[in-house]
Amino acid sequence: MAPEKQAGPAGAALPLPPMKWDAWGDPDLAKELSADIKALLAAALGVTGDAAPGPAADEVVLRPSALTEADLDALAAIVGEAHLSAADADRLPRAGGKSTPDLLRRRSREPQDAPDAVVLPGSEDEIAALLALCAERRIAVVPFGGGTSVVGGLDPERGAFAAVVSLDLRRFDRLLDVDAVSGEAVLGAGLTGPAAEELLAEHGLELGHYPQSFRFATIGGFAATRSSGQDSAGHGRFDEMVRGLRVVTPAGVLDLGRAPASAAGPDLRELFLGSEGTLGVITAVRVRVHPVPAVKAYEAWSFPDFATGAAALRTVEQQETGPTVIRLSDEAETMVNLAMTEKIGGEPAVTGCLGVTVFEGTADQVADRHRSTRAALLAAGATSLGEAPARAWEHGRFNAPYLRDSLLAAGALCETLETATDWRRLADLRLAVTTALTTALPGALVLCHISHVYPTGASLYFTVVAALGEDPLPRWGAAKRAACDAIVATGGTITHHHAVGADHRPWMTDEIGDLGVRILRAVKAELDPAGILNPGKLIP
Ligand SMILES: Cc1cc2nc3c(=O)[nH]c(=O)nc-3n(C[C@H](O)[C@H](O)[C@H](O)COP(=O)(O)OP(=O)(O)OC[C@H]3O[C@@H](n4cnc5c(N)ncnc54)[C@H](O)[C@@H]3O)c2cc1C
């Protein structure tokens with residue numbers, strides 16, 4: 001199960017999200033940077049010293065709750081006193097997501113914004129009643145899953161309303177049905193990744209969705225953001241795993257997805273995949289599952305350069321040789337990972353660009369997939385590094401976000417962004433984004449990898465490390481805007497898997513056009529006529 005430590009402020013009335021309120025994840029896993037790494041940061045990026053520590057939780061000043069006693073009584077009448085709180089200790093951990101700007105905002109000693117109350121409904125009827133009450137009393141509602149949004153999807157925006165509540169889905173935490181014959185399971189929206197996998201494993205089944213935020217993000221959040229996991233080459237994106245959805249909207253309840261495939265008009269599930277809490281509250285998701293793999297095999301690779309590596313990944317994907325994981329780091333990311341990660345015994349030195357492959361299935365399937373992928377990669381210019389670096393990658397794959405916290409504490413800004421395009425334009429897109437970032441943040445280190453491949457293209461994931469300096473928020477804001485403009489100008493998508501939220505909303509018209517925006521607005525007007533659901537996100 002996900003760690004259930006009390007990682008937030010003292011004095012909370014409700015169960016807290018199992019993450020630190022001002023940093024990533026489990027407090028026990030935080031690591032200090034070594035003196036060597038700090039020296040490297042000083043030499044390479046001009047990082048001049050540790051950042052000033054932020055306030056302790058009980059020193060944070062929150063904007064006072066705007067809800068009246070009558071509002072709170074009415075909310076409590078629906079969910080019960082035990083599942084409502086307007087205490088600062090409950091509001092603060094739901095004040096936003098976990099992007100670097102979110103974490104920097106949490107360090108402010110100025111009054112911070114937060115939802116005016118937190119509600120924990122326990123049934124769809126309660127959600128429907130909450131939405132009706134909030135529409136009547138003109139209160140905005142932000143659905144809250146695991147709290148891992150990196151695009152401002154959880155910002156406590158009030159829109160046209162005086163107040164906003166955080167609607168935490170954590171009580172929707174059951175495995176509701178398993179159909180091993182069809183290979184399907186119905187999961188409560190509030191289940192975290194590990195909790196869902198643990199429940200499925202009791203039936204010998206696996207979902208196989210492993211985003212880097214796996215330990216804390218939820219099933220509802222994965223659907224609401226069109227998440228993509230690190231095993232996407234084998235198991236697909238989360239939206240490809242979804243067979244059905246239950247959604248409570250202010251206009252009624254929808255139960256979508258009836259057969260493995262259907263010709264009954266446009267697929268309405270698509271409206272809610274990626275809806276980011278703006279159209280309804282997802283309460284349960286029916287997903288495709290598969291037997292827990294019997295065998296796994298690992299092999300890492302070195303490519304002389306990124307272009308050779310990208311062409312090799314394309315060949316593997318287009319030949320459908322079947323790895324579960326296939327990823328490629330550029331030269332800079334390969335070098336930095338080598339400097340930062342724990343070594344595994346006997347690990348050979350990695351030069352050029354590191355590639356990682358993992359294979360899963362029955363013994364015969366794994367042997368076959370490994371053999372044909374190997375042949376394709378070797379023919380495309382890869383050199384085998386054996387299995388140790390691939391196992392090392394898997395061993396540490398959920399730990400990188402802790403490094404971001406250590407970097408921030410040491411005075412270095414670290415943030416990520418991502419996009420995707422077709423193979424033909426991938427190199428141009430990478431160059432355009434890198435140039436935009438290094439122009440806006442001179443001296444910054446920009447790392448890039450490919451971790452999601454398709455027959456026609458791939459995603460690009462960038463990590464930026466720079467000195468924190470004065471005013472990191474506006475400096476990062478300018479760099480991010482430049483990168484987004486470059487993405488749009490080069491024909492990439494504004495997001496491959498992080499979603500739109502508040503941060504990418506200014507580029508949505510570029511992405512889908514005026515008519516596309518009008519369609520989304522019309523759907524929202526039908527489902528959420530008062531406009532209470534997650535104002536200021538996704539839809540321009
Ligand atoms: C360190 C780090 C690594 C990450 N790695 C990945 C990655 O590898 N792949 C990836 O795809 N993403 C990644 N993300 C982004 C994030 O984890 C995903 O967007 C994730 O799917 C969000 O799930 P959540 O449960 O935390 O949702 P939240 O952050 O709680 O919410 C995200 C959005 O969905 C809405 N929402 C949440 N639950 C519901 C619901 N039940 N009904 C309706 N709306 C809802 C919220 O209102 C919000 O707009 C990462 C984030 C971090 C911080």
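The values are calculated or read from the model by the stated rules, or taken from the named source; none is laboratory data. The model shown is predicted, which means the values in this text are computed figures rather than measured ones. Cβ: placed from backbone, ideal geometry, glycine included. Neighbour counts: every protein chain shown. These accessible areas exclude ligands, DNA and RNA; they are computed on the full protein's heavy atoms, side chains included. Shrake-Rupley method; radii C 1.70, N 1.55, O 1.52, S 1.80 Å.
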So who's got an amide H within less than 5 Å of the one on residue 13, skipping anything under 5 residues away but keeping other chains? H placed 1.01 Å off N, in plane. 90
P(r) histogram, all alpha-carbon pairs of the range 34-145 included - 5 Å bins from 0, percent: 2, 10, 17, 17, 14, 10, 10, 5, 4, 4, 5, 1
Carbon and sulfur together cover what percent of the accessible area of the chain at a 1.4 Å probe radius? 54
Calculated FRET value between residue 202 and residue 439, using beta carbons and R₀ = 56 Å, to 0.05: 0.60
Just to compare against my own numbers: the Cα pair-distance distribution for the chain, 10 Å bins, whole % per bin, please. 4, 18, 29, 28, 16, 5, 0, 0
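If I stretch the segment between residue 69 and residue 510 completely, what's the gain in nm (0.36 nm per residue apart, minus their alpha carbon distance), one decimal?
154.4 nm
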Which whole-Hz couplings ³J(HN,Hα) result when phi for each residue of the range 64-77 is put into the Karplus expression 6.51 cos²θ - 1.76 cosθ + 1.60, θ = phi - 60°, listed in order with x for Gly and Pro? x, 4, 8, 7, 7, 4, 5, 4, 5, 4, 5, 5, 5, 5
Treating only Lys and Arg (+1) and Asp and Glu (-1) as charged, each at its beta carbon, one finds that the chain has a dipole about its Cα centre, in Debye to the nearest 20, of 760
Out of residues 5 or more away from residue 283 or on other chains, whose amide H comes under 5 Å of its own, with H placed 1.01 Å from N in the peptide plane? 246, 247, 248
Compute the accessible area per residue over the range 77-120, keeping the other protein chains in place, probe 1.4 Å, unit Å². 31
Within the set 31/537; 38/98; 38/480, which residue pairs have Cα atoms separated by over 27 Å? 31/537
About the Cα centre, and with charges only on the beta carbon of Lys, Arg (+1) and Asp, Glu (-1), how big is the dipole of the range 357-441? Nearest 20 debye, please. 200
Could you work out the per residue convex hull volume over the alpha carbons of the range 249-388, in cubic angstrom? 192
Out of 294, 247, 263, whose Cα points farthest toward the positive end of the dipole of the range 237-303 (charges: +1 Lys, Arg; -1 Asp, Glu; placed on Cβ)? 294
So, with points 7 Å from each Cα along the Cβ direction, the residue 61-residue 261 label distance in nm works out to 6.1
Under Stokes-Einstein, the range 101-226 at 10 °C and 1.306 mPa s, with its Kirkwood radius over C-alpha pairs, diffuses with a coefficient in µm²/s of 98
For the range 525-538, Karplus couplings with θ = phi - 60° (6.51, -1.76, 1.60), whole Hz, Gly/Pro x: 4, 6, 7, 9, x, 7, x, 7, 7, 6, x, x, 10, 6
Take the alpha-carbon centre of the range 441-486, take the same for the range 269-301, and report the distance between them in whole Å. 26
In debye to the nearest 20, how big a dipole does the range 394-507 give about its Cα centre with +1 on each Lys and Arg Cβ and -1 on each Asp and Glu Cβ? 180
Using only the Cα atoms of the range 237-330, construct the convex hull and provide its projected area averaged over every direction, in square nanometres to one decimal. 9.4
For the range 185-237, what is the Kirkwood estimate of the hydrodynamic radius, computed as the reciprocal of the mean inverse distance between distinct Cα atoms, to one decimal in Å? 11.0
Which one, 18, 95, 494, is farthest towards the positive end of the dipole of the chain when Lys and Arg carry +1 and Asp and Glu -1 on their Cβ? 494
